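Notes for the one structure printed next.
The values are calculated or read from the model by the stated rules, or taken from the named source; none is laboratory data. Since the model is a prediction, treat every value here as computed from it, not as a measurement. No Cβ is skipped: glycine too gets one built from the backbone with ideal geometry, and neighbour counts run over all protein chains shown. When the accessible area is computed, the model is the full protein with side chains, heavy atoms only, and any ligands, DNA or RNA have been set aside. Shrake-Rupley method; radii C 1.70, N 1.55, O 1.52, S 1.80 Å.
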Amino acid sequence: KSLLLMARILFLQEKYDEAIEWSDKVFAYDGYSNSAEELQLEIYSQMGDWKKAKSKAQRMVREDPRNTDYLVRLVGIAGELDDKELEENTLRRLYPLWKKDPEKLRQLAALHLRAGHTAEARKCLQTALTLDEHSFGVQLDLARLEFTEGHHDNAENAVEALQKKFGKRTELSYLLGEIELA
């Protein structure tokens, strides 16, 4: 713990190389340490060393393949490296873990949108809507997706339907403004 504490202090002082050295010392006592691995991933990400961050994240995913935090971090790193294949494969691995949680499906849809996968984002949102058909957030995300895809009339109709159903809300007014500007 003291080695990790020293590494974390050095990280906070932005002494990244020294922080890596101290966190490496943890592995002498513990062949695999989640805390040291997570700290090193954080350091490499902060430094913008995406190749080392990718290697670290892939190792963490191998050690704990159902850890969605690690998978989400790997998606972000793949995006930074423009590694579309890794990004897509990792996103596919998240779906079975999140397929029964509407909020997690919304998060997955957002990740797909960042990666430029609008069709997959729509599938996630539609699945979320079948799980919770009264969810304002999911319906709003679907309206935003319509707007993102350039279907402004569909987006406007969806927003107007949401206003009738849920009343006037800031998010809806903002989206209507974006639609009008487009």
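Some observations on this one:
- Residue ID - surrounded by the fewest Cβ atoms within 10 Å (Cβ to Cβ), chosen from residues in segment 108-119 that are in a helix (DSSP H, G or I) and either touching a residue at least 24 places away in the same chain (Cβ under 8 Å) or aliphatic (A, V, I, L, M) (or both): 119
- Qualifying residues in segment 23-40 (those that are of a type in the set (A, V, I, L, M, F, W, C) and in contact with a Phe, Trp or Tyr (Cβ under 8 Å, 6 or more places away or on another chain)) - the one nearest to residue 63 (Cα to Cα): 36
- Cβ separations smaller than 9 Å between residues 6+ apart or across chains give the following pairs from segment 142-153 residues that are at positive phi to residues that are open to solvent by 60 Å² or more (accessible area, probe 1.4 Å) and not in a helix (DSSP H, G or I): 150/182.
- Tabulated pairs, segment 83-95, first more than 11 Å from residue 111 (Cβ to Cβ) and touching a residue at least 60 places away in the same chain (Cβ under 8 Å), second in a loop (DSSP other than H, G, I, E, B) and open to solvent by 90 Å² or more (accessible area, probe 1.4 Å), C-beta under 6 angstrom, 6+ apart or interchain: none
- Test: residue 122 is assigned to a helix (DSSP H, G or I) and closer than 19 Å to residue 169 by Cβ: no
- Filtered residues of segment 156-182 (kept if in contact (Cβ under 8 Å) with a residue 24 or more places away in the chain, farther than 21 Å from residue 102 by Cα and in a helix (DSSP H, G or I)): 175, 178, 179
- Residue check, residue 126 within 15 Å of the chain's Cα centre (by Cα), open to solvent by 60 Å² or more (accessible area, probe 1.4 Å), on the phi < 0 side of the Ramachandran plot and of a type in the set (S, T, N, Q): no
- Residue list for segment 151-177, filter: within 24 Å of the chain's Cα centre (by Cα) and open to solvent by 40 Å² or more (accessible area, probe 1.4 Å): 171, 174
- When segment 41-56 is filtered for residues that are under 14 Å from residue 74 (Cβ atoms), out of contact with any Ser or Thr (no Cβ under 9 Å at 6 or more places or on another chain) and not charged (D, E, K, R), the ones remaining, listed by number, are 41, 45, 50, 55.
- Some residue of segment 36-59 being farther than 30 Å from residue 6 by Cα, open to solvent by less than 70 Å² (accessible area, probe 1.4 Å), touching a residue at least 24 places away in the same chain (Cβ under 8 Å) and assigned to a helix (DSSP H, G or I): no
- Leading residue by the ranking (modelled with the highest pLDDT) among those in segment 25-35 that are farther than 24 Å from residue 76 by Cα and open to solvent by 50 Å² or more (accessible area, probe 1.4 Å): 25
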